[in-house]
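Please treat every number below as a calculation from the coordinates, not as lab data. Because the structure is predicted, anything quoted here is derived from the model rather than measured. All Cβ positions, glycine included, derive from the backbone under ideal geometry; neighbour counts span all protein chains shown.
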Amino acid sequence: MTHPEFILTLSCVDQRGIVHRVSGFLAEHGCNIIDSAQFGDAGSQLFFMRVHFALEERSIDAGALRAAFDQLCATMGMTGQLHDAHVKPRVLIMVSKIGHCLNDLLFRYKSGLLPVEIPAIVSNHMDFYQLAASYNIPFHHLPLATGADEAVKQAQEARILDLLATHRIDLVVLARYMQILSPGLCRALQGRAINIHHSFLPSFKGARPYAQAHRRGVKLIGATAHFVTGELDEGPIIEQDVERVDHAMDADALTAIGRDVECVVLARAVKWFVEHRILQNGDKTVVFN
């Protein structure tokens, strides 16, 4: 018999007995723990926990379990969430004119490697409408040029917000979307928008960072995936990776290697988000791999 499965995540001030109370709560409500991870941060004095479990008691429904869990959180001063493990989060991807991350995410989605639904792709250019159509995903062209005036930007972002509401989006992925989001949109997306960029910041800003890095003779290139905040490229880091390069490689080779790293790092970050493995800890993250 297949039992409904859930993922519980929580954070609270560290204190004795949290694991005991949570595991006891699950046992009392007919649940069987499949896997569990926890972390106590000595710096922030906060405790973080993720539990994947099956609800085996047929007399207890999901609604009753959620209500009981909310009561436990209130009693212990915990911030917690209960997710249905069988529900695939809904992801909106945003892209501009560089498509390697979009292409990689779509392949992983179609292959079943990324447990998500993708109801929409948004771009300020038309370059990838055929790619979106090949996956039968609606493509929304919302033009926005660099340096557009504030009224144009606000109108474009209002349409993005409409799409988020219409499609009940859980996560926005900036897959090389080369526009700066307004502070208002960043606030609306707090904790549910992930960006990817090369790891040269702040050394090589602006256009053609790999060409800049090549001129400086770098020996490591990499990528960073992070949550989007109002501070440009300063959000809590989720994942990073690097690859070694050498003097024999030209700027095009560095770009190709860098883009491969970007794809892998972004895919990991998205997968961990939709599997509810990421908890924010101030300006940092706790990632239960």
Exercise for the section: Express in nm, to one decimal, how much length is gained between D241 and I60 on full extension, taking 0.36 nm for each residue of separation and deducting their alpha carbon distance. Expected result: 60.8 nm
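Provide the FRET efficiency to the nearest 0.05 for the T166-A68 pair, computing r from the beta carbons and using R0 = 30 Å. Intermediate values should be presented prior to the final figure.
On the way: r = 33 Å, r/R0 = 1.09.
With a Förster radius of 30 Å, E is 0.35.
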Exercise for the section: Please give, to one decimal in nm, the separation of the simple spin-label points placed at A248 and T146, each 7 Å out from Cα toward the Cβ. Expected result: 3.4 nm
Fill in the blank from the handout: Residues meeting the amide H criterion for A120 (H placed from the backbone, H to H distance under 5 Å, 5 or more places apart or on another chain) are I93
Completion exercise
Expressed in nanometres to one decimal, the distance between label points 7 Å along Cα→Cβ at R208 and L131 is 2.2 nm
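Where does each of Y129, Y210 land when they are ranked from fewest to most other beta-carbon atoms within 10 angstrom? Show your work: numbers first, answer last.
Details: Y129 15, Y210 23.
Least to most surrounded, the residues fall as Y129, Y210.
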Fill in the blank from the handout: Number of Lys pairs in the chain closer than 29 Å at Cα, excluding neighbours under 8 places apart unless interchain, is 17
Exercise for the section: Using the number of other C-beta atoms within 10 angstrom as an exposure proxy, rank I118, I137 with the fewest first. Expected result: I137, I118
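How do L181, L142 rank when sorted from fewest to most other Cβ atoms within 10 Å of their own Cβ? Before the final figure, lay out each step's value.
Numbers: L181 23, L142 17.
With the fewest neighbours first, L181, L142 line up as L142, L181.
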Exercise for the section: Starting from segment 179-273, pick out the GluC sites (Glu not before Pro) whose DSSP state is loop and whose Cβ has at most 14 other Cβ atoms within 10 Å. Expected result: E231, E234
